[in-house]
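Read through the structure below, which is laid out as structure tokens, and then see the notes.
Taken together, the values in this text are just the output of simple stated rules run on the coordinates, not laboratory data. As the structure is a prediction and not an experimental result, all values here were calculated from the model. Glycine also receives a Cβ, built like all others from the backbone with ideal geometry; neighbour counts cover every protein chain displayed.
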Amino acid sequence: MSTMSPSRRRVLLYAPLAVAGAAGLGFWAMLRGLQDGSFNPRGVPSALIGRAPPDFALPEVEGANLPAFAAGDLRGTGRPVLVNFWASWCVPCIIEHPQLMALHREGVPVLGVNYKDRPADARSFLQRHGNPFARLGADQPGRVAIEWGVYGVPESYVIGRDGLVKWRWAGPITAEMMPELRRLLA
Amino acid sequence: MTRLLLLLALLLAAPAHAQIGDTTYRLEDPALEARARAVGRELRCLVCQNQSIEDSDASLARDLRILVREQIAAGASDEETLRFVHQRYGDFVLLRPPVGIHTVLLWATPVLFLGGGLIAIVLTRRRRAATGIGDTELSAEEKARLARLEGPPPP
Amino acid sequence: MIPELGHFALILALMVALSQSILPLWGAQTRDARLMESGPPLALAQMVAVAAGFASLLWAFATNDTTVSNVVANSHSAKPMIFKLSGAWGNHEGSMVLWVLVLALCSAAVAAFGRDLPSALRARVLSVLGMISVGFLSFILATSNPFDRVWPPPLDGQGLNPLLQDIGLAMHPPLLYLGYVGYAVTFAFAVAALIEGRVDAAWGRWVRPWSLAAWSFLTLGIGLGSWWAYYELGWGGYWFWDPVENASLLPWLAGAALLHSAIVVEKREALKIWTVLLALLAFALSLLGTFLVRSGVLNSVHAFASDPARGVFILVLLGIYIAGAFALFAFRAPAMAPQGVFAPVSREGGIVLNNLLLCSICAVVLVGTLYPLFLDLLAGRMISVGPPFFNLATLPLALPLVMAMAAGPLLAWKRAALWPVLQRLWWAASLALLVFLLAMFLGGAPVMPALGFAIGMWLIAGAATDILDRAGLGRTGIGNALRRARGLPRAAWGAAIAHAGVGVTVLGMAGMGMATDKLVALTPGASTEFAGYEWRLDGVRDFQGPNYTARRATITVLRDGRVVQVMEPSKRFFPIGRTTTTETAIRTNGLRDLYAVLGEERDGPDGRREAVLRLHNNPLAPLLWIGSLIMALGGGLSLTDRRVRVAAPARRGAAQGAPA
């Protein structure tokens, strides 16, 4: 160790090139991923995946005539269900609504959580755009949403047959996502 | 990507309530409030860009601020409060990444670079010493040169 | 018509830059004096062409030409003229033109002031600068043309982000670019030295002013950006470790290291390979910042609207420049014979320690900024690396750095004795200790701020010691010493002033460590106690601005019933773009800021309207920016030193093989 041979010194001089090259490859992969959607610096996975949803019980949305639900209603349904957090003031929720209606028509149980909303606004939203929800709970203070780790509305979760969270999507469900979603909900 | 950002902007915009927060979010006891704030500075506002929940106007950040204060007021320790939020929102919410197999390189960076640099310096000096050039007293020529570069300008 | 001329000017500039990157280098390689001499006129011509392009863009913004899509997207007729103009570089395309303009100006400056340079070195430097211009001009023309037209033209533009309608932010990019692009020149010198296979004192002497200038502008740019964040974002903070802030800090740190090691090259002909590497790194990190901000791989408050196609183009450019330079480094660095031995305790040794610590901090910031991206890419895990990490990881490196900073300039070259230096600093150390104890026990400061005050004092006193020591105080009479102090080289004064500036900024940071704030809801007429003052809300009124409407609160700050200040924080609403901004009210006395932010208005418990206010008391906050001004001033003063500014005529002799 007392002296460095010339070749060892040479290796050291190549270090900047090697580091820059590796970083460049990494950035290249990131840019490729950004373009095809596989790398998304904002797509944060839910901490709930593979776990049971948290314990909660929601009141019903006043005057909506839909049964409310609690954590127990997600278990033992015999089939996967979709839990959707939404609000009438949320613009992307309007974009996503036709997809929820389609799932509802196909017989998928869609459970809605009405997030920080006024009951009257929620009711008129459902009257105007149609009601896709088999059950609907009101989360006026937004506390249940925090229990789930919700970022904002709209946000959707697929609960599997075993009662565990299989999938989460933060943002509106788009038409392109439907085939994958149908497969998850089958 | 652009569309996603647009959507996120919409998410951030609603429901437009408070700009800077509400007095009810502060705890009466200054010691507890100081603790709550220190905890809040460790938590990322998830829908913002690199801001802590203490520094954000977003609705989620406000909800989390209340949550942190409720936990602290209920007697939870700082660690318990952080764990509570961590369990629900995952690693991403922690601005101080937890030390673990995935972050060991990150946390080791200061030691690795400082240590690596020191070793490189020592090795270079040893090699230099082995080739044996010169003594470490300034020669007359070097002194004159430094005086020319550093001394007062010639009149 | 004017936009087409601008577009044409940029194409012309590309052609000229292409010639500039080939002809002088060809001349230097073939020892053809006439080809080498083509460099300066080409550089000047390129500058004229880019300036014409930039002027056309300014014209389009000034006249609100809505047939230009860049104007439509970023401007509006209702904007004040100054922000119409600054809007020209407040967007991706325009800012790239500004970037290239600054680069062309630097090229021209090397051409104009480089008469004393050996002609081969100058030719090679100009060619490398030309190559960088070629890359970025083709980037603009291929992916980010600022002169694209829209037809039919809309009636008016879509405005500019109101957050950006601010004089501080209008000046922020030009200063930053002067810094970033200044490192393009030191980069070009490093590449030229690698091509020649030699680095000598004259090279160090040429790199020094450029690294000084770049570093001073970068200091100003970062300081201004931090000031903007402080008064515009309204959170009372001044540094958020945001990735984009980090992107500007990285070249600043590497540049500070370069600044010091270039002195060793100039004076002692040591650390040559290392200095060349630093010069390459400083520019590589500048480019990395450009890539991160514009490619979309990062998400930040400051990031430009991003486009992966642009990202790929910049990445390819970066690959060519950075990988090319590092490959050249790996091949050619062994040719540079190490020279200039020194003992571990010596001025050189001090600068090695400075470089080691600065580069370690730089590495921590770099790794911390990029780690989440690479972890996501390689392991699919999402983590956040935020202020708690950066504060914790950089502090143990920054502390020894600032401690050693006061002693370094007092060490003798080649071999020094530590003990006499420490003896000369005993008064600075006692002063620092006194400040520490006073702050802790009289001021009630927590340990970290108290330590900060002590270190700030230590640095300022250390800088004073440096000057007094050089003037020979203690060895000669006071009058004589003062005369000698005035006669000291400006570079010595500059270094001491810049070091003292760091101390002033550290004082500001320590003060901000003791900042307090209070959130209250007040009805008009009510008041609250905070920071030893009575703050009374007089009322909240509507206010009409040139292109916004606002709600403005009037707060009277009183002490013992006497009016001290009237503060008017407001919230502005911009109908174009439908955005709201918070305008903080800041009243400073130079040593502390009172800072007020207006929040929401709502119905209080008694049914009257109340306004939520956030009040801050920020001790020593102004010192943060005063300190960075002093640092830049020190850098500027060094630049005016004749011996730094003027090229070493000795190089000519050296180039011909005569002893230097």
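Please give every one of the lysines within straight-line cross-link reach of C:Lys414, meaning a C-alpha to C-alpha distance under 20 Å, and leave out same-chain neighbours fewer than 8 residues apart.
Leaving aside lysines fewer than 8 places away in the same chain, those within reach of C:Lys414 are B:Lys143, C:Lys267, C:Lys272.
For chain A, what ratio Rg/Rh do Cα atoms give with a Kirkwood hydrodynamic radius?
Rounded to two decimals, Rg/Rh equals 1.23.
Using θ = phi - 60° and the Karplus relation 6.51 cos²θ - 1.76 cosθ + 1.60, list the HN-Hα couplings for the range C:211-219 in order, rounded to whole Hz, with x at every Gly or Pro.
For the range C:211-219, the Karplus curve yields 5, 4, 5, 4, 5, 5, 5, 4, 4 Hz.
In nm, to one decimal, how far is the C:Arg587 label point from the A:Gln35 one, both placed 7 Å along Cα→Cβ?
5.8
Just name one of C:Trp239, C:Ala13, C:Ala463: the one whose Cα is farthest towards the positive end of the charge dipole of the protein assembly as shown (beta-carbon charges, Lys/Arg +1, Asp/Glu -1).
So the residue furthest toward the plus end is C:Ala463.
Please enumerate, by chain and number, the aspartates and glutamates with C-alpha under 18 Å from the C-alpha of A:Lys166, excluding those fewer than 8 residues away in the same chain.
A:Asp55, A:Asp73, A:Glu147, A:Glu155, A:Glu180
HN-Hα J couplings of the range C:98-108 from phi, Karplus 6.51/-1.76/1.60, θ = phi - 60°, integer Hz, Gly and Pro as x?
Result, ordered by residue: 4, 4, 5, 4, 4, 4, 5, 4, 5, 3, 5 Hz.
If you take the charge dipole of chain A about its Cα centre, with +1 on Lys and Arg Cβ and -1 on Asp and Glu Cβ, which of A:Leu58, A:Ser124, A:Gly160 is farthest toward its positive end?
A:Gly160
Given a Förster distance of 45 angstrom, what is the FRET efficiency for C:Val48 paired with C:Glu568, based on the Cβ-Cβ distance and rounded to 0.05?
The pair C:Val48/C:Glu568 has a calculated efficiency of 0.45.
Tell me the label-point distance for the pair C:Arg559, A:Ala70, using the 7 Å Cα-to-Cβ offset, in nm and rounded to one decimal.
6.0
Can you give the longest run of chain A that contains no GluC sites (Glu not before Pro) sitting in a DSSP loop with at most 16 other Cβ atoms inside 10 Å?
Counting at most 16 other Cβ atoms within 10 Å as exposed, the longest clean stretch of chain A is A:107-186.
Please compute, for the alpha-carbon atoms of the range C:349-451, the extent along each of the three principal axes and give them in descending order in Å.
Extents along the principal axes, in whole Å: 55, 44, 12.
Binned at 10 Å from 0, what are the whole-percent values of the Cα-Cα distance distribution for the range C:411-514, short to long?
16, 37, 31, 15, 1
For the range C:1-153, what D do you get in µm² per second when you plug the Kirkwood radius from alpha-carbon pairs into Stokes-Einstein at 4 °C and 1.567 mPa s?
82
Over 56 Å, how big is the tail of the calculated P(r) for the protein assembly as shown, in percent of all Cα pairs?
18
Kindly give the semi-axes, whole Å and largest first, of the ellipsoid equivalent to chain C, taking each as the square root of 5 times a Cα gyration tensor eigenvalue.
Taking √(5λ) for each Cα gyration eigenvalue gives 43, 37, 21 Å.
Return, for the Cα atoms of the range C:1-60, the radius of gyration and Dmax in Å, separated by a comma.
For the range C:1-60, the Cα-based Rg and Dmax read 13.8, 45 Å.
Once R0 is set to 30 Å, what does the formula 1/(1 + (r/R0)^6) return for the Cβ-Cβ distance between A:Arg128 and C:Arg608, expressed as a FRET efficiency to the nearest 0.05?
0.20
Check which residues have an amide H placed less than 5 Å from C:Asp593's amide H, if you skip close sequence neighbours.
C:Asn618, C:Leu620, C:Ala621
Check cross-link reach from C:Lys571 to the lysines: straight Cα distance under 29 Å, and skip same-chain residues fewer than eight apart.
A:Lys116, C:Lys79, C:Lys84, C:Lys518
List every residue whose amide H lies under 5 Å from the amide H of C:Trp413, counting only residues 5 or more places away in sequence or on a different chain, with H placed 1.01 Å from N in the peptide plane.
C:Arg347
Amide H neighbours of C:Asp148 under 5 Å, at least 5 residues apart or on other chains, H built in the peptide plane: list them.
So C:Asp148 has HN proximity to C:Ser69, C:Asn70.
For A:Arg143 paired with C:Leu399, estimate the spin-label separation in nm (one decimal), with each label point 7 Å from Cα along the Cα-to-Cβ line.
About 4.3 nm separates the two model spin labels.
How far, in nm, would the chain grow between C:Arg475 and C:Leu141 when pulled straight, counting 0.36 nm per residue and subtracting the alpha carbon separation?
113.8 nm
Considering Cα pairs under 8 angstrom that are at least six residues apart, work out the relative contact order of the range C:516-622 and quote it in whole percent.
Reported relative contact order: 25 percent.
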